[in-house]
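**Student:** This structure is in structure tokens; I'll ask about it shortly.
What follows draws every value from the coordinates through simple rules; no lab data is involved. On a predicted model such as this, the values are computed, not experimentally measured, just so you know.
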């Protein structure tokens with residue numbers, strides 16, 4: 001992945017996440033509040049994260065337990081399927097956290113050793129914050145529900161947060177074209 005793409009994609013993601021909130025769309029608020037416990041979102045997000053993780057397991061090298069990749073693949077596939085049965089609460093949040101952690105690797109690899117481009121830090125810094133939040137929310141997913149309740153208790157908060165996300169997304173999109 002190129003540094004251009006690694007900066008543009010998070011920018012577009014943040015823009016898409018923040019613009020509906022900044023515009024005050026009520027359907028966005030309803031969707032965001034329903035996300036943590038949504039079974040449809042859990043199947044989509046956690047299923048995508050599990051598929052991506054299993055793809056990574058299948059392509060392990062010999063140095064990374066590649067000799068046992070068949071056993072690892074089956075073991076983690078069983079765990080992913082059982083997650084839907086045994087821990088269905090907040091599975092969408094856990095899946096989103098797993099996707100953030102999985103997506104961080106190619107994004108950070110694109111910015112690695114690119115010292116000639118200090119503007120890469122506009123992408124890397126919030127990515128590290130996202131990694132920290134993903135680890136924290138993966139362990140305590142109900143915190144996202146509590147945050148969303150707080151955020152939407154006053155419409156001005158949601159609009160301000162959406163505006164901040166959208167503006168930062170636009171900044172990242174602009175930075176992507178400076179490489």
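**Student:** For the chain, what does the relative contact order come out to in percent, with C-alpha contacts under 8 Å and a separation of six or more? Spell out each step's value before the answer.
**Tutor:** Numbers: 196 pairs, mean separation 86.8, N = 179.
Across the chain, relative contact order equals 48 percent.
**Student:** If the chain between residue 31 and residue 102 were fully stretched, how many nm would it gain, using 0.36 nm times the residue separation less the Cα-Cα distance? Please report the intermediate quantities before stating the final value.
**Tutor:** Values: separation 71, 0.36 × 71 = 25.56 nm, distance 2.38 nm.
The residue 31-residue 102 span can extend by a further 23.2 nm.
**Student:** At 10 °C and 1.306 mPa s, what whole-number value in µm²/s does Stokes-Einstein give for the translational diffusion of segment 3-176, with Rh from the Kirkwood sum over Cα pairs? Please list the in-between numbers first.
**Tutor:** Values: Rh = 17.6 Å.
D = 90 µm²/s.
**Student:** Same structure again: Gap in Å between the Cα centre of segment 1-50 and the Cα centre of segment 60-101?
**Tutor:** One Cα centre to the other: 22 Å.
**Student:** Please give the calculated 222 nm ellipticity per residue for the chain, where each DSSP H segment of at least 4 residues contributes -39500 (n - 2.57) and the sum is spread over every residue; nearest 500 deg cm²/dmol? Could you put the intermediate results ahead of the total?
**Tutor:** On the way: 8 runs with 132 residues, N = 179.
Using -39500 (n - 2.57) per qualifying helix, the result is -24500 deg cm²/dmol.
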